[in-house]
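The values are calculated or read from the model by the stated rules, or taken from the named source; none is laboratory data. Keep in mind that this is a model prediction, so the values were computed, not measured. For neighbour counting, all protein chains shown are included, and Cβ atoms are generated from backbone atoms with ideal geometry for every residue, glycine included. The area values use the complete protein model at the heavy-atom level, side chains included, leaving out ligands, DNA and RNA. Shrake-Rupley method; radii C 1.70, N 1.55, O 1.52, S 1.80 Å.
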Amino acid sequence: MAPVFVLSIFIAVLCSVQGRSTGKVSFERSEEDMEIDGTSANSIEEDEYSASTLIEKANRNLGQRLDEPLVMFGDIAVYTGFMNADPCTARGCKWQKSSDGNVYVPFVISNEYSARERSVIEGGLQTFAASTCIRFFPRTNQRDFACYTCLFCFSFIGRRGNGQVVSLSRNGCVFLSVVQHELLHALGFNHEQTRSDRDSNVQILFQNIMPGMEFNFRKINTINLGTPYDYNSVMHYSRFAFSRNRQPTILPIPDNNAVIGRATEMSPIDILRINRLYNCTGQQFD
């Protein structure tokens, strides 16, 4: 294997006994069961198992402990004192490319996961190799590795240095869509509805957002890589994300009935963006 970058991603686990309690039951649903008919009505019940809703539920009590990271935009961790969420890929937070054209990212999966959960996570990691030049591989002895555990779903944006955490709580985050969502953050991608051109594609209904949660809907001066806005992106929030009154917080325009935020896996445009950001070519796909 070509030389790889020494940083590592640690897949964190819910280490509390709560992860084995009855609180986990409401999330026991297969990825196949979560696929939604695009012709159905847009209701809050149908958004219950979208990636953004699963993450929102898992992160409900995030921030109550002093040792937890500052998390903004729903599931994006930032270091204390670093308050802006501008895209970092122009400032060097992309993972380094190897001489063979691939991007190798070492990882460790906590042994707290069950065999089924580990299989879902590993399966999510391997989906990137099928259509991009990203290669997640088990860490051996790469230095600058750090790990810890937590209760929630979050990731830092891009490569942070000295190791980093991708947190996937056992209590609702171990689904393919959520695994891909958090790994896309780690590769340098923001939420779709924070795009610089979002106001031409969606309307944010701030009057329906939970008090104090408005910052999750800030617009960012994103690098859009010449790709169109994508309602089907696995990075898009659901219609009712952070709703205070069961009314929509995100309304697609001009077609208010368009389906948004229900992806169960990366869309073709999600994949295109990875390939453009990391200059992948077809010869490198497995």
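Do we find a residue being in a loop (DSSP other than H, G, I, E, B) and hydrophobic (A, V, I, L, M, F, W, C) anywhere in the stretch 95-110?
Checked against the condition, which is being in a loop (DSSP other than H, G, I, E, B) and hydrophobic (A, V, I, L, M, F, W, C), the stretch 95-110 yields at least one hit.
Have a look at 215, 240 and point out the one that is hydrophobic (A, V, I, L, M, F, W, C), part of a helix (DSSP H, G or I) and over 26 Å from residue 116 (Cα atoms).
Step by step, each of 215, 240 is checked, and only 215 is hydrophobic (A, V, I, L, M, F, W, C), part of a helix (DSSP H, G or I) and over 26 Å from residue 116 (Cα atoms).
For residue 248, which of the numbered conditions (1) over 19 Å from the mean Cα position of the chain (by Cα); (2) free of Cβ contacts under 8 Å to residues at least 60 places away in the same chain fails to hold?
Failed condition: (2).
Within the stretch 207-219, restricting attention to residues that are more than 18 Å from the chain's Cα centre (by Cα) and touching a residue at least 40 places away in the same chain (Cβ under 8 Å), which residue is least open to solvent (accessible area, probe 1.4 Å)?
Filtering the stretch 207-219 for residues that are more than 18 Å from the chain's Cα centre (by Cα) and touching a residue at least 40 places away in the same chain (Cβ under 8 Å), the one least open to solvent (accessible area, probe 1.4 Å) comes out as 209.
Could you tell me whether the stretch 220-241 includes any residue that is among the basic types (Lys, Arg) and either modelled with pLDDT of 95 or more or within 13 Å of the chain's Cα centre (by Cα) (or both)?
yes
Taking the condition of being in a loop (DSSP other than H, G, I, E, B) and either open to solvent by less than 20 Å² (accessible area, probe 1.4 Å) or aromatic (Phe, Trp, Tyr) (or both), how many residues in the stretch 243-262 meet it?
Of the residues in the stretch 243-262, 4 are in a loop (DSSP other than H, G, I, E, B) and either open to solvent by less than 20 Å² (accessible area, probe 1.4 Å) or aromatic (Phe, Trp, Tyr) (or both).
Collect the residues in the stretch 169-185 that are within 8 Å of the chain's Cα centre (by Cα) and hydrophobic (A, V, I, L, M, F, W, C), keeping them in residue-number order.
Answer for the stretch 169-185, where residues must be within 8 Å of the chain's Cα centre (by Cα) and hydrophobic (A, V, I, L, M, F, W, C): 178, 179, 183, 184.
Could you list all residues from the stretch 151-185 that are open to solvent by 10 Å² or more (accessible area, probe 1.4 Å) and within 20 Å of residue 131 (Cβ to Cβ)?
175, 176
Restricting to the stretch 229-242, name every residue that is within 19 Å of residue 153 (Cα to Cα) and of a type in the set (S, T, N, Q).
233, 238
Do the conditions hold for residue 80, that is, is it of a type in the set (Ser, Thr, Tyr), touching a Ser or Thr at 6+ places or on another chain (Cβ under 9 Å) and at pLDDT below 85?
In short, no.
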